[in-house]
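Undergrad: Below you'll find the structure I mean.
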């Protein structure tokens, strides 16, 4: 890909995406730019991924063919006001902020502009991102494919209508935090019974990874896969029964 990918903001999500793009070798690190007010954070990114860094948002906006707004939603008005005169005529603006609708972003730029709204998640850092993509009508098919290629380079993506973005935030954007809590709870149970914590995390995390892969690769309903594990009179169905009995308790 012969495009400059720019990031305004270099927090956890941007860092995960940059790591995913670099590790996938979709573009060379010198084709990636990032800005951030904190020099220490930028220096860390530069040392780890060899990308171009700056504390000046104008520089990133002027150079980028694909500009990813990776700042918190409350900063969108301020940042867009700062850069709206700097962006290239044919730039593709990628928003990864929750709750920022395409119509609202377009109004902030005060002009017709190509906008793609995306909800990724932090497993991008290990090449297992799940991203939902909603383009505005101005984005042609070939450029939408380009955005999809970026997100597919470190995971999977699906094109969805914008009215489903809040659903996506819950089912994949925020859910890694919930899964980490589940893994921690599973490991705690193993530690309680005498397993060393490092091994407990490995057993719990691999079980979650393998289970997710079975859903994706077999195409079977999760309930059917659950039934495959539950032998009559066995330990698994006993555990499932206890979970169901206590589902509404805290």
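Each value in this text was obtained by applying a stated rule to the coordinates, not by laboratory testing. Given the structure is predicted, the values throughout are model-derived calculations rather than measurements. Methodologically, a virtual Cβ is constructed for each residue, glycine included, from the backbone with ideal geometry; neighbour enumeration extends over all protein chains shown.
Undergrad: Relative to the longest principal axis of the chain, what angle (0 to 90°, nearest 10) does the C-alpha long axis of helix 39-49 take?
TA: Tilt of helix 39-49: around 70 degrees.
Undergrad: Here's a follow-up. Compute the relative contact order of segment 175-245 as a whole-number percentage, counting only Cα pairs closer than 8 Å that sit 6 or more residues apart in sequence.
TA: Reported as a whole number, the value is 18 percent.
Undergrad: For the peptides 190-201, 5-16, what is the packing order when you average, over each peptide's residues, the other Cβ atoms within 10 Å and list the highest mean first?
TA: Peptide ranking by packing, descending: 5-16, 190-201.
Undergrad: For segment 93-231, what's the relative contact order in percent, using C-alpha pairs closer than 8 Å and at least 6 residues apart?
TA: 17
Undergrad: So, one more: Can you pull a Stokes-Einstein diffusion coefficient for segment 175-245 at 10 °C (1.306 mPa s), Rh from Kirkwood over Cα pairs, as a whole number of µm²/s?
TA: 118
Undergrad: Here's something else I'd like to know. Enter the per residue convex hull volume of segment 12-69, computed from alpha-carbon coordinates, in Å³ rounded to the nearest integer.
TA: Per residue, the Cα convex hull of segment 12-69 comes to 75 Å³.
Undergrad: Just the Kirkwood number for segment 132-211, please: inverse of mean 1/r across all distinct Cα pairs, in Å, one decimal.
TA: 15.3
Undergrad: Another question, then. Going by average Cβ density within 10 Å per residue, which order do the peptides 223-236, 154-167 take, highest to lowest?
TA: Ranked by mean Cβ neighbours within 10 Å, highest first: 154-167, 223-236.
Undergrad: What percent do you get for the relative contact order of segment 5-162 when only Cα pairs under 8 Å and 6+ apart count?
TA: Taking the mean separation of contacting Cα pairs over the length of segment 5-162, I get 22 percent.
Undergrad: Among 17-24, 137-144, 113-120, how do they line up by average Cβ neighbours within 10 Å per residue, starting with the highest?
TA: 113-120, 17-24, 137-144
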